[in-house]
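A quick write-up on the structure given underneath.
The values are calculated or read from the model by the stated rules, or taken from the named source; none is laboratory data. The structure presented is a predicted model; accordingly, all values stated were derived computationally and were not measured. Every residue, glycine among them, receives a Cβ derived from its backbone with ideal geometry; neighbour counts consider all protein chains shown.
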Amino acid sequence: MKLLCLPLARRAYGLLALPLLALALLSTSPARAQDAQIRKALAERLPQLGAVEEVRKTPIAGLFEVRIGLELYYTDAQGNYLIQGQLLDTKSRRNLTEERVEKLSTIDFATLPVADAFTIVRGNGKRKIAIFEDPNCGYCKRFEKDLQGVDNVTLQVYLYPILGPDSLEKSRNLWCAKDKGRAWQDWMVRDQPPAKGSCDTAALTRNVEFGRKWRINGTPTLVFADGSRVPGAISAQQIEQKLAEVK
């Protein structure tokens, strides 16, 4: 675990500004004033961090969680110091930072851009999994072979070319295939390269943008119907276990 304390330069306020600041604090609740103070201090002193989206109290008195996207930091009430690292509860042996990030990373399945995916339906298709995959990902190929043993499922496959130019080229050909699902299976399971194709491939750009927004940093990444996600290749048995938990 790496903790990094960054002392921030203080900003001196002129005497004439103090009455105005006092009136502003009196006109709002202490919690909102605290939130505003932290946001203001960090925006002025560390603009490179980006816009603060949320400020929350932590179990430690005087320590606040600052969220920027899916990145978490910790600061004091004045925003004078910033800690980048993980917050551990030693009594319960819980990683509070990890739990929080996991909760924030939950994706509402209904909001997935299904128009930018192709579907593969097996059996009754009642169970659903969304998968972000790069066609040149070796782990994805192993995963796809294991996935052949999972039935009664609808797979939403999002081509996610992040491993290089050839990944983008293959993804374009796969997306432009007449039967995307078959072309995908031919390549991932049977090592039959997709034929060259030409069509509107803007969906691939949108997929990469979506993945960056939600910090999908590797492939395969699975999203289940309850919004939970699993990064990395897992076995058919693990997939079945996760699908059973989602019910």
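Identify, from the list Tyr73, Tyr81, the residue that is surrounded by 13 or more Cβ atoms within 10 Å (Cβ to Cβ), over 18 Å from the mean Cα position of the chain (by Cα) and outside the structural domain of Arg212 (by TED's automatic domain parsing). Let's see the steps before the verdict.
Numbers: Tyr73 fails: over 18 Å from the mean Cα position of the chain (by Cα).
Of Tyr73, Tyr81, the one residue that is surrounded by 13 or more Cβ atoms within 10 Å (Cβ to Cβ), over 18 Å from the mean Cα position of the chain (by Cα) and outside the structural domain of Arg212 (by TED's automatic domain parsing) is Tyr81.
Just checking: which of the helices (runs of 4 or more DSSP H) contained wholly in the stretch 142-243 hold 1 or more residues that are within 19 Å of the chain's Cα centre (by Cα)? Spell out how you get there, then give the answer.
On the way: elements: 165-175, 180-190, 202-213.
Ranges flagged: 202-213.
Do we find that Ser198 is surrounded by 14 or more Cβ atoms within 10 Å (Cβ to Cβ) and free of Cβ contacts under 8 Å to residues at least 40 places away in the same chain in this structure?
Numbers: surrounded by 14 or more Cβ atoms within 10 Å (Cβ to Cβ): no; free of Cβ contacts under 8 Å to residues at least 40 places away in the same chain: yes.
It is false that Ser198 is surrounded by 14 or more Cβ atoms within 10 Å (Cβ to Cβ) and free of Cβ contacts under 8 Å to residues at least 40 places away in the same chain.
Check whether at least one residue in the stretch 20-37 is more than 17 Å from the chain's Cα centre (by Cα) and either under 25 Å from Glu209 (Cβ atoms) or among the β-branched types (Val, Ile, Thr) (or both), and report yes or no. Lay out the reasoning, then the answer.
Pass one, the stretch 20-37, residues more than 17 Å from the chain's Cα centre (by Cα): 20-37.
Those left that are additionally either under 25 Å from Glu209 (Cβ atoms) or among the β-branched types (Val, Ile, Thr) (or both): 28.
Checked the stretch 20-37: at least one residue is more than 17 Å from the chain's Cα centre (by Cα) and either under 25 Å from Glu209 (Cβ atoms) or among the β-branched types (Val, Ile, Thr) (or both).
Among the residues of the stretch 110-126, write down those that are modelled with pLDDT of 95 or more and closer than 25 Å to Ile68 by Cβ.
Leu112, Pro113
What number of residues within the stretch 186-235 satisfy the criterion of being under 22 Å from Pro113 (Cβ atoms) and out of contact with any Cys (no Cβ under 9 Å at 6 or more places or on another chain)?
The qualifying residues number 27.
Name every residue in the stretch 147-184 that is farther than 26 Å from Ala110 by Cα and either acidic (Asp, Glu) or not assigned by TED's automatic domain parsing to the domain that holds Asn217 (or both), in order of residue number.
Selection gives Asp166, Glu169.
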